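The values are calculated or read from the model by the stated rules, or taken from the named source; none is laboratory data. These figures come from a predicted structure and were not determined experimentally. Please note: Cβ atoms are built from the backbone with ideal geometry, for glycine as well, and neighbour counts cover all protein chains shown.
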Amino acid sequence: MKIQAVKFAEDGFMTQPFAMGGEDGVEKFDPNVKYRSCLQNFVIDTGSEVILVDTGVPEDFPYPVPDEKTQISVGYKIKNYMDALADLGYKPDQISKILVTHKHPDHTGALKHFPNAKIYIGAEDAEEFKSMPNLIVAEFNDGAYHNFPRSQKIADGIYYIEAKGHTKGTSIIIVEDGGLFYMIHGDVTYTDEALYANKISIATEDFVEARKTLDRVREFIRNNPTVYVSTHTPLGYENLELKRVVDLDKPTESLPAKPPREMKASGKYVCSICGYVYDPAEHDGVKFEDLPSDWKCPRCKQSKDKFTPAA
């Protein structure tokens, strides 16, 4: 079994209020504290098949241009997702299955490139992908997996697990290999610092379910040697490469985020919660700044202050 990170964005940051303020309120946390951020998805090679966990942003995705109001920046483009996957030695026709952690475009942006792969997704997140003939709505009908109530076995040692909260259809993937449990997730937490602090991000659709999920994740980690493999922090691939097992009582060192690079804004804006892109050209030329103060994101219904200028 081989698990690798498909890396396509680097050197971003997220603020402490964004990463941890979901339940307690953002005012309880320091906006000057910034954690490292990036963007990667993952590929699992079992030796007999190749399985993807999520599929990156669309090729034309306008990366955010950070400013003083930015709560999260995924960083700067390294390359397109498909090129990053090819660099690891994989072609689209080699992929047998895709396990979607949730519906947001930084996790589903390249699904169209894999028409022959079976695409698994939670029922609540499946609606906008229903036109895809290769979509499989997960039934989680294989019973409990350890302390998680609902799971679906995908292959030997690979389990797709219901983990609602970040979105109403969020799932996680656990891979058993070499006596370790690799927990690959989208956004149960945005950064491992929040895992250790037992905090939920403001980027959450259902806080009640998110709390249940994080409690189950932490209980699982307490009872099993777990490598925590995250999407939005370099700790995700660092943990993976080091086979570093989580000890909730001994947090991994938190390294400072790099200062933002200088970038030019295009007039487009990106929702930091769901990735929706507001392009004035698609809205009769209306600038984002001229939208009414009560305007909401069409996809996730978040307010204007969750948007960031885009390149």
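A few notes on this one:
- Every residue from the range 278-311 that is without any contact (Cβ under 8 Å) to a residue 40 or more places away in the chain and β-branched (Val, Ile, Thr): VAL286
- Candidates PHE42, PHE61: the one that is outside any helix (DSSP H, G or I), of a type in the set (A, V, I, L, M, F, W, C) and under 26 Å from SER266 (Cα atoms) is PHE61.
- Matching residues in the range 205-248 - criterion: being touching a residue at least 60 places away in the same chain (Cβ under 8 Å), of a type in the set (Val, Ile, Thr) and either surrounded by fewer than 17 Cβ atoms within 10 Å (Cβ to Cβ) or farther than 22 Å from HIS104 by Cβ (or both): VAL245
- Among the criteria (1) outside any helix (DSSP H, G or I); (2) assigned by TED's automatic domain parsing to the domain that holds ALA9; (3) of a type in the set (S, T, N, Q), the one THR213 does not fulfil is (1).
Here's the yes/no breakdown for (1) touching a helix residue (DSSP H, G or I) at 6+ places or on another chain (Cβ under 9 Å); (2) aliphatic (A, V, I, L, M); (3) farther than 20 Å from ILE95 by Cα:
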residue: ASN147; (1), (2), (3): yes, no, yes
residue: ASP156; (1), (2), (3): no, no, no
residue: TYR160; (1), (2), (3): no, no, no
residue: GLY178; (1), (2), (3): no, no, yes
residue: MET183; (1), (2), (3): yes, yes, yes
residue: GLU193; (1), (2), (3): yes, no, yes
residue: TYR196; (1), (2), (3): no, no, yes
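- For GLY75, the stated conditions hold: it is within 20 Å of GLY236 (Cα to Cα) and outside the structural domain of TYR278 (by TED's automatic domain parsing).
- Checking each residue in the range 249-284 for being exposed (fewer than 13 other Cβ atoms within 10 Å of the Cβ), over 23 Å from GLN302 (Cβ atoms) and not acidic (Asp, Glu) picks out LYS250, LEU255, PRO256, PRO259, ARG261, LYS264.
- Hits in the range 112-131 (condition: under 27 Å from ALA86 (Cα atoms), part of a helix (DSSP H, G or I) and in contact with a strand residue (DSSP E or B) (Cβ under 6 Å, 6 or more places away or on another chain)): PHE129
- One residue stands out among those in the range 231-254 that are part of a loop (DSSP other than H, G, I, E, B) and in contact with a helix residue (DSSP H, G or I) (Cβ under 8 Å, 6 or more places away or on another chain): the one that is farthest from LYS7 (Cα to Cα), which is LEU248.
- If you go through the range 185-239 and keep only what is among the polar types (S, T, N, Q) and within 19 Å of ALA9 (Cβ to Cβ), you end up with THR189, THR191, SER201, SER230, THR231, THR233, ASN239.
- Per-region count, the range 1-39, residues part of a loop (DSSP other than H, G, I, E, B), within 18 Å of the chain's Cα centre (by Cα) and closer than 26 Å to PHE181 by Cβ: 1
- Condition met for ILE200 (assigned to a loop (DSSP other than H, G, I, E, B), of a type in the set (A, V, I, L, M) and assigned by TED's automatic domain parsing to the domain that holds ALA19): yes
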